[in-house]
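Notes to accompany the following structure.
The values are calculated or read from the model by the stated rules, or taken from the named source; none is laboratory data. A quick note: this is a predicted structure, and the numbers were derived from the prediction, not measured. As a convention, Cβ positions derive from the backbone with ideal geometry for all residues, glycine included, and neighbour counts pool all protein chains shown.
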Amino acid sequence: MHILWNDWRQLTRIVQLPNKIPATLKLMKFILIALSSLLSFSIALANPVVYEGSSGPGKGKHIVFVASDHEYRTEETRPALARILAEHHGFKTTVCFGVDEKGFIKAGASNIDGLEALKTADLMVIFARFLDLPDDQMKHIADYVDRGGPVVGLRTSSHAFKIPAGKKYSHYSFQYKGKEFEKGFGHQVLGNTWVGHYGRNHKQATRIQILPAQKSNVILTGVADNALTMAGAYVGIPDDTFTVLTESQPLNGMTKDSPADETKKPSPSTWTREYKSKSGKKARVFHSTQGASQDILDPNYRRLILNGIYWAAGMEKDIKADSKIDFMGDYKPSSFSFGGEVKGVKPSDLADIKSPIMPKKKAGK
């Protein structure tokens, strides 16, 4: 809003200009500044993107997606999942993207407009990495956690925040050493902070193996064993607050028929738990160490995440083995990598629920 306020001050100066300036010139300047203000306001409104659900079990529920990581293309997976949940399941979904100063989606940007949507959220789904958000943006996430809102975290959300010491929300940082919020958001809410890769990322895909003892878990309804994900395994360290549902088996290759790496035992990769908020309320958490752009191409992994979202929202009775999980619009994900994001895309380019993810690269971007 500071842009609009500056424009207003300029406008008042023009209105007070000496009478020797022709009235038509004053009017022209008034129109130009008004248009500039309108453009600035439209950019502000372009992020977040909202998909309004119509009918389904999620009608009346609001899910907010926080999307800004550097490598795994959360700017592609979050709107893809948000569209499925809106169109096929009836949820209202809001996707808040990391953007640059011109309003273009920027991988890993520590600038996410629209987080005030968390005030009315029934669930937060976060996929972020090393963020250092301005305090006025970070406040919305902290307020949500403090009130005990349920959380779904994917992949790098174990290290979603990297905030320098001395700042208001530095305790959210993944390496925070204070006992009151040790190891930050990842450890305190999701259950694990960043520990490390397990195998060679980009060289070893993972097979998602269901634990036999959890086959009847409602989250695994309709989920077949051995989903393939392209993102390499992470080190998962469960404690007695976890219910581990699946493990990641590193493969010697990047295809479904690649053999298992026999030097590496499976590592915990999907779990549920609860965290206790500042308000004293306990809240549900669903976490997966995978979730990259290409991972959700596997229908069993995609269903696993969608079922986890239902469970976290307290809607496990609505989980169905045959619920619709088809993509809306053309989903052709980018291969995940640092610097591999599609450039020149604004959140508004994804507002049409049937638009491609992602739009083609624009000339000169």
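Screening the stretch 285-331 for residues that are out of contact with any Phe, Trp or Tyr (no Cβ under 7 Å at 6 or more places or on another chain) and part of a strand (DSSP E or B) and picking the one that is surrounded by the fewest Cβ atoms within 10 Å (Cβ to Cβ) gives Tyr331. The set of residues in the stretch 211-234 that are aliphatic (A, V, I, L, M) and buried (at least 16 other Cβ atoms within 10 Å of the Cβ) comprises Leu211, Ile219, Leu220, Val223, Ala227, Leu228, Met230, Ala231, Ala233.
Whenever a residue of the stretch 110-121 is at positive phi, its partners that are crowded, with 18+ Cβ neighbours inside 10 Å and outside any loop (DSSP other than H, G, I, E, B), lying with C-beta atoms within less than 6 angstrom and at least six residues away or across chains, give the pairs Gly114/Cys96.
Here Cys96 fulfils each of the conditions (1) free of Cβ contacts under 8 Å to residues at least 60 places away in the same chain; (2) over 13 Å from the mean Cα position of the chain (by Cα) apart from (2). Would you call Phe327 under 18 Å from the mean Cα position of the chain (by Cα) and outside the structural domain of Leu190 (by TED's automatic domain parsing)? Spelling it out, Phe327 is indeed under 18 Å from the mean Cα position of the chain (by Cα) and outside the structural domain of Leu190 (by TED's automatic domain parsing). For the stretch 253-264, indicate whether the set of residues that are surrounded by 22 or more Cβ atoms within 10 Å (Cβ to Cβ) and in a loop (DSSP other than H, G, I, E, B) is non-empty. No, every residue in the stretch 253-264 fails to be surrounded by 22 or more Cβ atoms within 10 Å (Cβ to Cβ) and in a loop (DSSP other than H, G, I, E, B).
Residues that are of a type in the set (Phe, Trp, Tyr), out of contact with any Pro (no Cβ under 8 Å at 6 or more places or on another chain), at pLDDT 95 or above and assigned to a loop (DSSP other than H, G, I, E, B) do not occur anywhere in the stretch 136-146. For residues that are surrounded by 21 or more Cβ atoms within 10 Å (Cβ to Cβ) and in contact with a helix residue (DSSP H, G or I) (Cβ under 9 Å, 6 or more places away or on another chain), tally how many sit in the stretch 241-252. Selection size over the stretch 241-252: 2. Residue count for the stretch 332-365 satisfying the condition of being closer than 16 Å to Arg83 by Cβ, free of Cβ contacts under 8 Å to residues at least 24 places away in the same chain and either under 17 Å from the mean Cα position of the chain (by Cα) or in a loop (DSSP other than H, G, I, E, B) (or both): 2. When the stretch 232-254 is filtered for residues that are acidic (Asp, Glu) and within 16 Å of Gln290 (Cβ to Cβ), only Glu247 remains. How about the stretch 179-202: which of its residues are more than 18 Å from the chain's Cα centre (by Cα) and either outside any helix (DSSP H, G or I) or outside the structural domain of Thr243 (by TED's automatic domain parsing) (or both)? Passing the criteria: Glu182, Lys183, Val195, Gly196, His197, Tyr198, Gly199, Arg200, Asn201, His202.
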